[in-house]
Amino acid sequence: MKLQQLRYLCETANQNMNLSKAAMKLHTSQPAISKQIQMLEEELGIDIFLRNGKRIVQITPPGQLIIQTATKMLRDADNLKKIAQEFTNEANGTLTIATTHTQARYALPPVIKRFTARYPKVKLILRQGSPMQISALVTSGEADIAIATEAIEHFHELIMLPCYEWNRCVIVPPKHPLLKLKKLTLEAISQYPIITYDYAFTGRSKINQAFSDRGLEPNVVLTAIDSDVIKTYVELGLGVGILANMAFDAKRDKNLRSIDASHLFESSTTRIGISRNNYIRGYIFDFIEMFAPHLNHATIQAKLESGRYNSSENAN
């Protein structure tokens, strides 16, 4: 049994048994993957996959258990490498951050600037996507941490670390009627076409809930995953925008005006998600503390140990 065989096996399962996609992901050939999986099955004396001719169509019940164990073995092998790197090249490595556009564009730049100054030999990779996508990247081991507002709590393999709370503003062109109101209301906003985040992004559920609680049906004419796209279409006069306060910069957004809407919506919490099963290198602890100063090494470690204990209890 070789680690390479386990990698081929797990990637085939991750790619919904599509050998072509697995081969592309692992930079090898489809026949090579097929051969190695068959050799592993012969060694174990069990069918991991059911086949229709040469095509894999289903994972067998024992195959499910084998893949789960193989995934853990690969993760443990990766952790061994990380532990070795920690003590031989503590200032070298890679940090892959999976996050949403709003975090990458507005919250992360000053943190990344500080981090790269302290760790110039650590390669930083930003992977952007929806909260569900970026959380999945961490659980699969393709990213070290996820930074998002939504979805992390749905992934039980992740430990959630609350970072900061934020709320929203309404953005409009200059001289818009909403600017004349003494106090902004949901009823006033609902009189205009609304441009805001896609449902899966950046606290959109809190926006929907606020209108619903007031018995209002907002006229959402355009949604986007990108705060800058929302601002662009508000500038074009297609509607009023609802977006995160952090995404408005009066110096940059000179053709827009911002109205605070924090009294209208429940605040949202940005969280960092890290795997309860992965070894966390020292510079990752430092990055998290730079992003959220209250999350020091000891606090994170305590959360990790508590999460691992609870996970073990739930498994028994």
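Numerical summary
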| quantity | calculated |
| --- | --- |
| Calculated Rg and Dmax of the stretch 231-309 using C-alpha coordinates, Å | 18.9, 54 |
| Residue 199/residue 165 FRET efficiency (R0 25 Å; Cβ-Cβ; nearest 0.05) | 0.75 |
| Of the DSSP H helices in the chain, those whose Cα atoms cover at least 30 Å axially and whose Kyte score averages -0.5 or more | 61-88 |
| Spin-label pair residue 47/residue 233, simplified geometry with 7 Å Cα→Cβ offset, distance in nm | 5.0 nm |
| At most 16 other Cβ within 10 Å, DSSP loop - GluC sites (Glu not before Pro), the stretch 232-300 | 266 |
| Residue-span extension gain [residue 78 to residue 38] - 0.36 nm each, minus C-alpha spacing | 12.0 nm |
| The chain, accessible surface, carbon-and-sulfur percent (1.4 angstrom probe) | 51 percent |
| Cα-Cα pairs of the stretch 56-178 separated by more than 19 Å (percent) | 63 percent |
| Reach of residue 251 by Cα under 19 Å, taken over lysines that are not fewer than 8 positions away in the same chain | 175, 231 |
| Estimated [θ] at 222 nm from DSSP helical runs (n ≥ 4, -39500 (n - 2.57)) normalised by residues in the chain, nearest 500 | -13000 deg cm²/dmol |
| Computed magnitude of the charge dipole of the chain (debye, nearest 20; Cβ of K, R +1, Cβ of D, E -1) | 860 debye |
| Hydrodynamic radius of the stretch 157-274 per Kirkwood, over alpha carbon pairs, in Å | 14.7 Å |
| Under 5 Å, built H, 5+ apart or other chain: amide partners of residue 128 | 99 |
| Principal axes of the chain: Cα extent on each, largest first, Å | 76, 48, 38 |
| For the stretch 126-197, convex hull of alpha carbons as volume per residue, Å³ | 141 Å³ |
| Within the stretch 160-233, trypsin sites (Lys or Arg not before Pro) in DSSP loop having at most 10 other beta-carbon neighbours inside 10 Å | 175, 182, 183 |
| Amide H contacts under 5 Å for residue 257, placed H, 5+ residues apart | 172 |
| Hypothetical label at residue 69: residues of the stretch 1-42 whose amide nitrogen lies under 20 Å (7 Å Cα-Cβ projection) | 1-14, 36-42 |
| Placed amide H near residue 239: partners under 5 Å, 5+ positions off or other chain | none |
| Heavy-atom accessible area per residue - the chain, 1.4 Å, Å² | 53 Å² |
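The values are calculated or read from the model by the stated rules, or taken from the named source; none is laboratory data. Because the structure is predicted, anything quoted here is derived from the model rather than measured. Because the Cβ atoms are built from the backbone with ideal geometry, glycine has one as well, and the counts that use them run over all protein chains shown. We work out accessible area using only protein heavy atoms, side chains counted, and drop any ligands, DNA or RNA first. Shrake-Rupley method; radii C 1.70, N 1.55, O 1.52, S 1.80 Å.
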